[in-house]
1. Taking the Cα centre of the chain as origin, sum charge times position over the Cβ atoms of Lys and Arg (+1) and Asp and Glu (-1), and report the length of that vector in debye to the nearest 20.
2. Please report the base-10 log of the normalised intensity I(q)/I(0) for the chain, using a Debye sum with one equal scatterer per alpha carbon and no solvent, at each q in 0.14, 0.22 (1/Å).
3. Can you compute 3J(HN,Hα) from phi for each residue in the range 76-92, using the Karplus curve 6.51 cos²θ - 1.76 cosθ + 1.60 with θ = phi - 60°, rounded to whole Hz and x for Gly and Pro?
4. Give me the percent of the accessible area of the chain that comes from carbon and sulfur atoms, probe 1.4 Å, all protein chains in place.
5. For the chain, what does -39500 (n - 2.57) per DSSP helix run (n ≥ 4), summed and divided by total residues, give at 222 nm, in deg cm²/dmol to the nearest 500?
6. May I have the pair-distance distribution P(r) for the range 1-57, computed from all Cα-Cα distances with 5 Å bins from 0 and rounded to whole percent?
7. Tabulate in residue order the Karplus-calculated ³J(HN,Hα) for the range 42-50, using 6.51 cos²θ - 1.76 cosθ + 1.60 with θ = phi - 60°, rounded to whole Hz; enter x for Gly and Pro.
8. Picking from Arg12, Arg82, Arg59, which is most flexible by a Gaussian network model of the chain using Cα springs under 10 Å?
Amino acid sequence: MSHASNIGRHARRGAKQMRSAARRMRNTAEEEGNGMMHTFQQMGGEAIDAVKDGYEGVRNTAQEYVDQGRARVGSLEQSFERQVQQRPVSSIFAALGVGFLAGLLFCRR
């Protein structure tokens, strides 16, 4: 064999090894990229779940406050009705006084 054919054979073998190493690097990079993408998707899903849970918590708390407010208004209404039934004349004079004060406040010229 000649010296030139040995150099050519070594060059081809070196090129083949380089291609193989490049393929391995590409495959490793793809695997790492896929792993990172999966991790980011999972993190995004967890973030969405956390936001949904927070929203549900706020909504439930707000609904509780609304329900408590309705119950309180209902009890105040019953108390007011009971007061009017027990003292109708006093209630009329109180309503007149409130109406008079409201008229003074809102009808200023």
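1. Charge dipole of the chain: 960 debye, to the nearest 20.
2. Normalising to I(0) and taking log10 leaves -0.90, -1.13.
3. Residue by residue, the range 76-92 yields 5, 5, 5, 5, 5, 4, 5, 5, 5, 5, 6, 9, x, 5, 4, 5, 5 Hz.
4. Numbers: 6210 of 10090 Å².
On the chain, the fraction of accessible area on carbon and sulfur atoms equals 62 percent.
5. The helix-only estimate for the chain comes to -35500 deg cm²/dmol at 222 nm.
6. With 5 Å bins starting at 0, P(r) equals 4, 16, 9, 11, 8, 8, 8, 6, 7, 5, 5, 4, 3, 3, 2, 1, 0.
7. Ordered by residue, 3J(HN,Hα) equals 5, 5, x, x, 5, 5, 5, 4, 5 Hz.
8. Top of the fluctuation ranking is Arg12.
The values are calculated or read from the model by the stated rules, or taken from the named source; none is laboratory data. Computed from a prediction, not measured in an experiment: that's the story for all the values here. FYI the Cβ positions are ideal-geometry reconstructions off the backbone, even for glycines, and counts take in every protein chain you see. Ligands, DNA and RNA are excluded from the accessible area calculation, which covers all protein heavy atoms including side chains. Shrake-Rupley method; radii C 1.70, N 1.55, O 1.52, S 1.80 Å.
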